[in-house]
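Peer 1: My structure is below; once you've seen it, I'll send some questions.
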Amino acid sequence: MRTYYFDHCASTPPYEQVVQTVGELMRLHYANATALHRSGKEAAKLVERARQSVAQSLGAKSEEVLFTSGGTESNNLALKGILFTGGRKAAKHLITTAIEHSSVYNTAKQLERFGIETTFLPVDSSGRVSVRDVEAAIRPNTALVSVMHVNNETGVVQPVEEIAVLLAKHPQIRFHVDGVQAIGKVKLEWKAAAGIDLYSGSAHKFRGPKGVGLLLKREGLELEPLLEGGGQEDGYRGGTHNLPGIVGMSQALRLTMESLETRREKMFALRRLAIERVKAIPELTLNVPEDEAMVSPQVVNVSYPGMRPEVLVHMLEQSEVFVSTQSACSSKSLKPSRVLLAMGHSAARASGSLRISFGDEHEAEDVEELIRRLKTTVVKLKPLERSRG
């Protein structure tokens, strides 16, 4: 039986070219990029060439690109780097949302314990934060606003450009955007994104290697480093450069951005088909807006109210279909989805959600097969649902 992997929001299969590049670099360029000898200098050149490539792919300057270990580190560096700058001279205020990825949401909770005042903004029933709510939450001591670009469970696009325009009127406030689920799916030209100061990305979300990410940092912006060490990344991120990962990420990003428009068209077509088929299964409830102007194309989120999501996931696994519950970073908690609860859904609906996310390898017939196997699974579980009463 053929395997169907529909968990691309959790991680993507790397490009074959990237796999080959990473392997070759591990064999041939193992020197430390900070070493003074020729091999070290060659490694350093490859790092800087990759930095220039990433910058070109995202419309940034090379000096605005910081390399990290992934999206979680990038988000932590953005939030703590801003809010710890200058020490604890005065109470600082952070504005974020109730639907952020755990690497932002839990970091904000941690910052509260460190004395940072934090406002978690609500979202509407579609899963979008209001620009007016952002404006209303601003205080004299607000230092940072952090809002994700694309939600990792629903694919809903947040109004980050409009928030950036608002915050341009408040030059003392920095704006961070978690772009981990957006890169390669949603358009953003960094040079034109006036008002966005920091933007996070992770290579394995766009068919690059795991363990490497990026943080775009607006030129001239100062951050307090998370990792002290040998002064790499202009002193903002100590630690030996992951040369194979960095070069592999730059290659994956270039390949991804070159096919952005084609990918969006194809994924939106798959999304429309999946939504149409899901709506024909009465036990399932759609948790995402159908309006394509509001969403990224790669995600469909559905619920089977009253059914534990891990039961669905493992039943689908037996038929060689792989999907997620919530985000991969939260799926083991077995708690109701914080995102769906914030959208006003019931605990039963938020507890029984599945996330289906598409990739480059998928075609319409793959979606049809996914839905066939999903429907078969639902039919098998129906008696269990009735017994729960």
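The values are calculated or read from the model by the stated rules, or taken from the named source; none is laboratory data. Keep in mind that this is a model prediction, so the values were computed, not measured. Here Cβ is always computed from backbone atoms with ideal geometry, including for glycine, and neighbour counts include all displayed protein chains. Ligands, DNA and RNA are excluded from the accessible area calculation, which covers all protein heavy atoms including side chains. Shrake-Rupley method; radii C 1.70, N 1.55, O 1.52, S 1.80 Å.
Peer 1: Consider only pairs whose beta carbons are under 6 Å apart and that are at least six residues apart or on different chains; among these, list those whose first residue lies in the range 13-36 and is β-branched (Val, Ile, Thr) and whose second residue is in a helix (DSSP H, G or I) and open to solvent by 30 Å² or more (accessible area, probe 1.4 Å).
Peer 2: Val18/Gln251; Thr21/Gln251
Peer 1: Which ones in the range 133-156 are closer than 28 Å to Val302 by Cα, among the small types (Gly, Ala, Ser) and either in a loop (DSSP other than H, G, I, E, B) or free of Cβ contacts under 8 Å to residues at least 60 places away in the same chain (or both)?
Peer 2: Result: Gly155, single match.
Peer 1: Please specify each residue of the range 133-161 satisfying the condition of being open to solvent by less than 10 Å² (accessible area, probe 1.4 Å) and either at pLDDT below 95 or β-branched (Val, Ile, Thr) (or both).
Peer 2: Those that are open to solvent by less than 10 Å² (accessible area, probe 1.4 Å) and either at pLDDT below 95 or β-branched (Val, Ile, Thr) (or both): Val134, Thr142, Val145, Val147, Val150, Thr154, Val156, Val160.
Peer 1: Please verify whether the range 271-288 includes one or more residues that are among the small types (Gly, Ala, Ser) and at pLDDT 95 or above.
Peer 2: Scanning the range 271-288, I find at least one residue that is among the small types (Gly, Ala, Ser) and at pLDDT 95 or above, so the answer is yes.
Peer 1: Here's something else I'd like to know. How many residues are open to solvent by less than 20 Å² (accessible area, probe 1.4 Å) and closer than 20 Å to Gly184 by Cβ if we restrict to the range 269-281?
Peer 2: Looking only at that region, the number is 3.
Peer 1: In the range 292-313, which residues are without any contact (Cβ under 8 Å) to a residue 60 or more places away in the chain and open to solvent by 20 Å² or more (accessible area, probe 1.4 Å)?
Peer 2: Hits for the range 292-313 are Glu292, Ala293, Pro305, Arg308, Glu310, Val313.
Peer 1: Applying the selection to the range 1-35, what residues are open to solvent by 50 Å² or more (accessible area, probe 1.4 Å) and more than 30 Å from Glu153 (Cα to Cα)?
Peer 2: Passing the criteria: Gln20, Glu24, Met26, Arg27, Leu28, His29, Tyr30, Asn32, Thr34.
Peer 1: Hey, does the range 305-314 have a residue that's out of contact with any Pro (no Cβ under 7 Å at 6 or more places or on another chain), among the basic types (Lys, Arg) and closer than 20 Å to Ala364 by Cα?
Peer 2: Within the range 305-314, not a single residue is out of contact with any Pro (no Cβ under 7 Å at 6 or more places or on another chain), among the basic types (Lys, Arg) and closer than 20 Å to Ala364 by Cα.
Peer 1: Which of (1) at pLDDT 95 or above; (2) open to solvent by less than 50 Å² (accessible area, probe 1.4 Å) does Glu365 not meet, given it meets every other one?
Peer 2: (2)
Peer 1: Still on this structure, I have one more. If you check Leu284 against the conditions, is it aliphatic (A, V, I, L, M), over 24 Å from the mean Cα position of the chain (by Cα) and open to solvent by less than 60 Å² (accessible area, probe 1.4 Å)?
Peer 2: yes
Peer 1: Quick one: how many residues across the range 336-362 are open to solvent by 30 Å² or more (accessible area, probe 1.4 Å) and not aliphatic (A, V, I, L, M)?
Peer 2: Within the range 336-362, residues that are open to solvent by 30 Å² or more (accessible area, probe 1.4 Å) and not aliphatic (A, V, I, L, M) number 9.
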